[in-house]
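Let me begin by presenting the structure, written as structure tokens, before commenting on it.
The values are calculated or read from the model by the stated rules, or taken from the named source; none is laboratory data. Keep in mind the model is a prediction, meaning the values are calculated, not measured. Don't worry about glycine lacking a Cβ; one is built from the backbone with ideal geometry, like all the others, and counts go over all protein chains shown. With ligands, DNA and RNA removed, areas are computed over all heavy atoms of the protein, side chains included. Shrake-Rupley method; radii C 1.70, N 1.55, O 1.52, S 1.80 Å.
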Amino acid sequence: MSFVNTFNLKVLGDERGQLVVVEGGRNVPFDIKRVYYLTGTQQGVSRGFHAHKKLEQVAVCVSGSCRMLMDNGQEQREFMLDSPDKAILISKMVWHEMHDFSENCVLLVLADDYYDESDYIRDYDAFKLLL
Ligand code: TYD
């Protein structure tokens, strides 16, 4: 099984438009403690370039698209987040990078814990050593 878990969120919709529900402990495999979102990412800018020691996250492009690059230290996988019903689980100890943000991209991230800089591994070589 791949180290990258992607899943589809159920889209509820009618003639008025779409509605997508995310529920901690249900379609997201943890209790959600923090939500953040990336907007206005400049063309050509890439973000991420880190892994987390413990944090678990789920990312969804609720508008626009970006390319997720995931790396477990042994292999790399890419996944396009290009629909509001496509979600990717960013597990602990997975190096991740976000590339090719579309102009209108709103990248929503749900996390199982508060922000803690000491949980970040921002150096790829250090990440490899900790595996
Ligand atoms: P960072 O995680 O470096 O962004 P990315 O990996 O997506 O490129 O975060 C950018 C800045 O925002 C950094 O100074 C840390 C801060 N930050 C918080 O204060 N709280 C948060 O929940 C997050 C995700 C970042």
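Being hydroxyl-bearing (Ser, Thr, Tyr), assigned to a strand (DSSP E or B) and touching a residue at least 24 places away in the same chain (Cβ under 8 Å): is that true of Tyr114 here?
no
Have a look at Phe30, Phe7, Phe49, Phe3 and point out the one that is assigned to a loop (DSSP other than H, G, I, E, B), at pLDDT 95 or above and within 17 Å of the chain's Cα centre (by Cα).
Phe30
Testing Asp71 on (1) farther than 19 Å from Leu9 by Cβ; (2) in contact (Cβ under 8 Å) with a residue 40 or more places away in the chain, one condition comes back false. Which one is that?
It fails just one condition, (2).
For (1) away from the ligand (no atom under 11 Å from the Cβ); (2) open to solvent by 40 Å² or more (accessible area, probe 1.4 Å), each residue gets a yes or a no:
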| site | (1), (2) |
| --- | --- |
| Arg26 | yes, yes |
| Lys53 | yes, yes |
| Ala59 | no, no |
| Asp71 | yes, no |
| Lys86 | yes, yes |
| Glu103 | yes, yes |
| Leu108 | yes, no |
| Arg122 | no, yes |
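Anything in the range 10-27 that is in a strand (DSSP E or B) and either within 17 Å of Leu107 (Cα to Cα) or in contact with a Leu (Cβ under 8 Å, 6 or more places away or on another chain) (or both)? List them, or say none.
Val11, Leu12, Gly13, Gln18, Leu19, Val20, Gly24, listed by residue number.
Go through (1) touching a residue at least 40 places away in the same chain (Cβ under 8 Å); (2) in contact with a Lys or Arg (Cβ under 6 Å, 6 or more places away or on another chain) for Leu108 and report which single condition fails.
Result: Leu108 passes all but (2).
Would you check which residues across the range 88-101 are within 13 Å of the ligand (Cβ to nearest atom) and open to solvent by 80 Å² or more (accessible area, probe 1.4 Å) and list them?
Of everything in the range 88-101, nothing turns out to be within 13 Å of the ligand (Cβ to nearest atom) and open to solvent by 80 Å² or more (accessible area, probe 1.4 Å).
Quick check: is even one residue across the range 53-65 free of Cβ contacts under 8 Å to residues at least 24 places away in the same chain and not in a strand (DSSP E or B)?
No.
Condition (residue is within 16 Å of the ligand (Cβ to nearest atom), in contact (Cβ under 8 Å) with a residue 40 or more places away in the chain and closer than 28 Å to Lys128 by Cα) applied to the range 1-16: is it met by at least one residue?
no
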